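As structure tokens, the structure follows; a few thoughts come after it.
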């Protein structure tokens, strides 16, 4: 994108790409939930990432990006394996959470915990500090999550059985993947990162289908939902998200992508005719506010520090 639009500033490019990724990810929640109502978890993963391979492989060949793969250094190859394993955990658990949850909007709200985990990782491994504004953002986000997941006498089994627990674990994997990808984004093309993620997930799904002897027969409607979702999800969203990291800070992408849940809410209402409960909606909006405050505090600190 940098070569195609040299007259556009990096900030505008990055913001646009992050917004495209946000819209794409919102559709992932909706289309995946629609498909999971008709097929089982393993069938879904297989077809979802098989379609993703069909979208991304021709693109990489036509664009010439695939020619860069043999020239990757050993360090870059190791990073790809690490990111692939992290994304395998993050995506698999996210789709499990979407399948178990009554409403994908709730899962989308809960995934707003990812920026908190990214901040914690920055403090632990990068020597970063967080200020009072960021602390307020963290408190708001956690408070929103408590409202979303609150039910009296909820057991651990019920917490994971409704998908909430799995999306929290998924967020941990996702945050580690984001930090790792950001540290190597100058050496690894977004297209290669996207392909790497899809290959890991597709191979896992294929092996699972064979071991479990699952049927490959699914309905035409399910195929449509998975094909459309894979186009805007693993292909478009993955490529746009990794590309955005080339032009703007990860913190800025967090603010933009925190609004994803609002689009999931609209999509769920239109396509699935479901809405979250008022308590969940209130908690979700608070998590969005928390992410915005957290990220604004981070950007404000960097600006004062002159970095």
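The values are calculated or read from the model by the stated rules, or taken from the named source; none is laboratory data. Please read all numbers here as calculations on a predicted model, not as lab measurements. Glycine gets a Cβ as well: all are built from the backbone with ideal geometry, and neighbour counts include every protein chain shown.
Okay, here's what the table says:
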{"quantity": "Count of residues meeting criterion [modelled with pLDDT of 80 or more, surrounded by fewer than 23 Cβ atoms within 10 Å (Cβ to Cβ) and more than 13 Å from residue 134 (Cα to Cα)] in region 284-307", "calculated": "3"}
{"quantity": "Residue match in region 10-17 (condition: in contact (Cβ under 8 Å) with a residue 24 or more places away in the chain, in a loop (DSSP other than H, G, I, E, B), over 28 Å from residue 276 (Cα atoms) and more than 21 Å from the chain's Cα centre (by Cα))", "calculated": "no"}
{"quantity": "Failed condition for residue 46, given (1) in contact with a helix residue (DSSP H, G or I) (Cβ under 7 Å, 6 or more places away or on another chain); (2) on the phi > 0 side of the Ramachandran plot", "calculated": "(2)"}
{"quantity": "Candidates 222, 208, filtered to the one that is part of a helix (DSSP H, G or I), within 27 Å of residue 23 (Cβ to Cβ) and out of contact with any strand residue (DSSP E or B) (no Cβ under 8 Å at 6 or more places or on another chain)", "calculated": "222"}
{"quantity": "Only one of 75, 50, 35 that is surrounded by fewer than 22 Cβ atoms within 10 Å (Cβ to Cβ) and farther than 19 Å from residue 245 by Cβ", "calculated": "50"}
{"quantity": "Given (1) farther than 28 Å from residue 273 by Cβ; (2) in contact (Cβ under 8 Å) with a residue 24 or more places away in the chain, number of the condition residue 49 does not satisfy", "calculated": "(1)"}
{"quantity": "Flag for residue 68 being in a helix (DSSP H, G or I), exposed (fewer than 15 other Cβ atoms within 10 Å of the Cβ), touching a residue at least 60 places away in the same chain (Cβ under 8 Å) and out of contact with any strand residue (DSSP E or B) (no Cβ under 8 Å at 6 or more places or on another chain)", "calculated": "yes"}
{"quantity": "Of the criteria (1) surrounded by fewer than 17 Cβ atoms within 10 Å (Cβ to Cβ); (2) in contact (Cβ under 8 Å) with a residue 60 or more places away in the chain; (3) assigned to a helix (DSSP H, G or I), which one residue 275 fails", "calculated": "(3)"}
{"quantity": "Qualifying residue in region 101-113 (condition: crowded, with 18+ Cβ neighbours inside 10 Å and not in a helix (DSSP H, G or I))", "calculated": "yes"}
{"quantity": "Filter result for the condition that a residue is modelled with pLDDT of 80 or more, assigned to a helix (DSSP H, G or I) and over 17 Å from the mean Cα position of the chain (by Cα), over 136, 178, 83", "calculated": "136"}
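Yes or no, residue by residue, for (1) modelled with pLDDT of 80 or more; (2) part of a helix (DSSP H, G or I); (3) surrounded by 22 or more Cβ atoms within 10 Å (Cβ to Cβ):
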position	(1), (2), (3)
95	yes, yes, yes
122	no, yes, no
157	no, yes, no
174	yes, yes, yes
185	no, no, no
